[in-house]
Amino acid sequence: MVRQAPPSRGMSSDGAQIARWFSALPVCTRFLIEATGVLTLVCGLHLLPGHYMALYWQPVMRQFQLWRIVTNFLVTGLTIGGVIHMVLLYRHSLALEKEEYGGRTADYAWFI
């Protein structure tokens, strides 16, 4: 006997709801949240050393490691403080991009 899934009542799975929420975010806010989350996980799980993302001017100037200028702002910790940082980044970036720079994504990207 083959079991059938119960009929859906218009509700989709949690994963689909999260994907829909994430894709509905404005472009710059989505990039900031995604970049911060990915870099934090990569450094927090020790897939890449954390000091490789830190801003040290000597490698920037002598070895042209230009990513250090940007990535140092995008790495938080895998702690409650890091989660709070991500939530505040999401809320403030979303408010700025929707209200202050409503419809002007390029202006908001330049502001960042």
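If you line up the long axis of helix 27-44 against the longest principal axis of the chain, both from Cα atoms, how many degrees apart are they, to the nearest 10?
80 degrees
Convert each backbone phi in the stretch 102-111 into a coupling constant with the Karplus relation 6.51 cos²θ - 1.76 cosθ + 1.60 (shift: θ = phi - 60°), then list the ³J(HN,Hα) values in order as whole Hz, x for Gly and Pro.
x, x, 10, 4, 4, 5, 5, 4, 5, 4
By how many degrees, 0 to 90 and rounded to 10, does the Cα axis of helix 80-95 deviate from the longest principal axis of the chain?
Helix 80-95 sits roughly 80 degrees off the main axis of the chain.
Going by alpha carbons, how many degrees (0 to 90, nearest 10) lie between the helix axis of 14-23 and the longest principal axis of the chain?
For helix 14-23, the angle is close to 50 degrees.
Given R₀ = 25 Å, what would the calculated FRET efficiency be for residue 88 paired with residue 57, taking r from the Cβ atoms and rounding to 0.05?
0.35
Taking amide H positions as placed 1.01 Å from N in the peptide plane, with prolines and chain starts having none, which residues 5 or more places from residue 77, or on another chain, fall under 5 Å of its amide H?
The answer is 82.
Given only helices, namely DSSP H runs of n ≥ 4 each adding -39500 (n - 2.57), what is the per-residue ellipticity at 222 nm of the chain, to the nearest 500 deg cm²/dmol?
Mean residue ellipticity, 222 nm, calculated: -16500 deg cm²/dmol.
Can you give the net charge of the other residues whose Cβ lies under 15 Å from the Cβ of residue 30, counting K and R as +1 and D and E as -1?
Working: positive: 20, 91, 98; negative: 34, 97.
Surrounding charge for residue 30 is +1.
In square nanometres, what is one fourth of the surface area of the convex hull spanned by the alpha carbons of the stretch 46-109?
Mean shadow area of the hull around the Cα atoms is 5.8 nm².
Here, each number is a calculation from the coordinates, and none is a lab measurement. Here the structure is a predicted model, which is why all the values come from computation and not from measurement. Glycine also receives a Cβ, built like all others from the backbone with ideal geometry; neighbour counts cover every protein chain displayed.
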